[in-house]
Amino acid sequence: EPFEANLLRLPGIPYTRDEAGNIRNGFELHIVNKTNSTTRFQITPVQDPASPGSLNYILPMSTVDIEPLGSRRVPFFVTMDEKQFTKERPIIVRIDASHATSSTTSTPAGSAKTVNGRFLGSPHHEAH
């Protein structure tokens with residue numbers, strides 16, 4: 001396969017809450033280019049069909065170029081309004097590969113992967 005991709009949770013506490021009442025999870029996408037040419041990777045969050053629109057992805061880098069046999073760690077965050085949180089939700093990220101440097105060579109068809117994680121939190125409790 002032309003590349004490897006893994007979704008890792010950032011070290012530390014699994015989630016935090018901000019002042020605005022959002023739950024935030026931190027992740028890191030680890031991408032390894034296994035080819036002999038510089039490859040451009042497009043990173044696209046995929047909304048879970050079972051809970052569309054409830055998760056917001058904060059992805060500072062949606063495209064990364066990785067040198068031959070190189071790797072890159074791409075941190076990103078996922079947030080959700082704590083009032084909407086009822087249970088863990090799937091995190092789904094799609095990675096598509098294409099050659100960055102040459103238009104004459106093409107990456108084999110099917111050079112895309114989907115990686116999955118879990119959005120963690122705890123239900124919101126109204127103060128009485």
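The values are calculated or read from the model by the stated rules, or taken from the named source; none is laboratory data. Source: prediction; values computed, not measured. Glycine gets a Cβ as well: all are built from the backbone with ideal geometry, and neighbour counts include every protein chain shown. All accessible areas refer to the heavy atoms of the entire protein, side chains included, with ligands and DNA or RNA removed. Shrake-Rupley method; radii C 1.70, N 1.55, O 1.52, S 1.80 Å.
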Discussion item. Checking the cross-link filter: which aspartates and glutamates have an alpha carbon closer than 15 Å to that of residue 113, excluding same-chain neighbours under 8 positions apart?
Written reply: 1, 4, 96
Worksheet item: Taking +1 at the Cβ of each Lys and Arg and -1 at the Cβ of each Asp and Glu, which of 119, 79, 53 sits farthest along the dipole of the chain towards its positive end, judged by Cα position relative to the Cα centre?
Response: 119
Worksheet item: Size of the dipole of the chain about the Cα centre, Lys and Arg at +1 and Asp and Glu at -1 on the beta carbon, nothing else charged, in debye to 20?
Response: 180 debye
Discussion item. Just to confirm, what accessible area per residue do you get for the chain at 1.4 Å probe, in whole Å²?
Written reply: 57 Å²
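Per the Kirkwood definition applied to all pairs of different Cα atoms, how many angstroms is the hydrodynamic radius of the range 1-50? Display every interim value, and only then the final one.
Values: mean 1/r = 0.0725 Å⁻¹.
Taking every pair of different Cα atoms in the range 1-50, averaging 1/r and inverting gives 13.8 Å.
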Worksheet, complete the sentence: Taking protein heavy atoms only, a 1.4 Å probe, and rounding to whole percent, the accessible area of the range 1-94 owed to carbon and sulfur comes out at 52 percent
Practice prompt. Just need the relative contact order of the chain here, percent rounded to a whole number, with Cα pairs under 8 Å and 6+ apart.
Written response: 29 percent
Worksheet item: At residue 71 and residue 50, where each label point lies 7 Å from the Cα along Cα→Cβ, what is the point-to-point distance in nanometres?
Response: 3.1 nm
Worksheet item: Build a GNM of the chain with springs between Cα atoms under 10 Å: which of 53, 26, 117 gets the top mean-square fluctuation?
Response: 53
Discussion item. Taking semi-axes √(5λ) of the Cα gyration tensor in Å straight from the coordinates, which label in (i) 44, 17, 14; (ii) 33, 13, 11; (iii) 26, 20, 16 is the correct one?
Written reply: (ii)
Worksheet item: Once the Cβ-Cβ distance between residue 36 and residue 61 is put in as r, and R0 is 35 Å, what FRET efficiency do you end up with, to the nearest 0.05?
Response: 0.90
